[in-house]
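Some notes on the structure that comes next.
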Amino acid sequence: MNQRQTVAAVVAVIALGGAGYLYFVRGNDGPGQAQRPRTSGVCLATGWQGDAYAHFTEYPPLTCPDCGKQTFYPYWYCEESGVRFVPDLRVFQPGGGYPYSVRCPRSGNPSCTPWIPEINTTFTDHPLPKLRP
């Protein structure tokens, strides 16, 4: 291998390493967001709706990206009734993780899933629960 080929190989390895870093670590959502799951939901203190990013070990209430308080809860979706909702806050026990089963407040369906905006595009909103003092 001559000197020109060696330099080209080193440049290619550096370029691929940089691209991998940008894709896997930085992602399109800002520093470190690629390794934290997105949660679509609402801040019960301000009503702000959007996405929050949290580590797998963080559970609701999450820190609201808008106001900075721990009042951000995920939306859930009932396919049976087409309702987007925040479950009764009692299902979110401190340090207890996500509930195994969330019931739809309209139909009682126990097979609700986290709401994904790109998939669950047709929905009606159920009234939000009141934030506990």
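Using the structure shown, decide if R36 is among the basic types (K, R), farther than 18 Å from P127 by Cβ, modelled with pLDDT under 90 and in contact with a His (Cβ under 6 Å, 6 or more places away or on another chain).
On the way: among the basic types (K, R): yes; farther than 18 Å from P127 by Cβ: yes; modelled with pLDDT under 90: yes; in contact with a His (Cβ under 6 Å, 6 or more places away or on another chain): yes.
Spelling it out, R36 is indeed among the basic types (K, R), farther than 18 Å from P127 by Cβ, modelled with pLDDT under 90 and in contact with a His (Cβ under 6 Å, 6 or more places away or on another chain).
Please state which one of Y75, Y53, Y59, Y100 is exposed (fewer than 12 other Cβ atoms within 10 Å of the Cβ) and of a type in the set (F, W, Y).
After applying the criteria, what remains is Y100.
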Residue count, segment 105-128, condition in contact with a strand residue (DSSP E or B) (Cβ under 8 Å, 6 or more places away or on another chain) and assigned to a loop (DSSP other than H, G, I, E, B), comes to 13
Exactly one of F85, F123 is farther than 22 Å from Y59 by Cα, surrounded by 15 or more Cβ atoms within 10 Å (Cβ to Cβ), at pLDDT 90 or above and among the aromatic types (F, W, Y), and that residue is F123
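Could you check segment 53-95 and list, in sequence order, the residues that are in a strand (DSSP E or B) and under 18 Å from D125 (Cβ atoms)? Quick ask: steps written out before the conclusion?
Taking segment 53-95 and keeping what is in a strand (DSSP E or B), we get 53, 62, 72-74, 76-78, 83-85.
If the condition is that a residue be in a strand (DSSP E or B) and under 18 Å from D125 (Cβ atoms), then F72, Y73, P74, W76, Y77, C78, V83, R84, F85 are the ones that fit.
The values are calculated or read from the model by the stated rules, or taken from the named source; none is laboratory data. Note that the structure is a prediction, hence the values are computed from the model and not measured. So basically every Cβ, Gly included, is an ideal-geometry build from the backbone, and we count neighbours across all protein chains shown.
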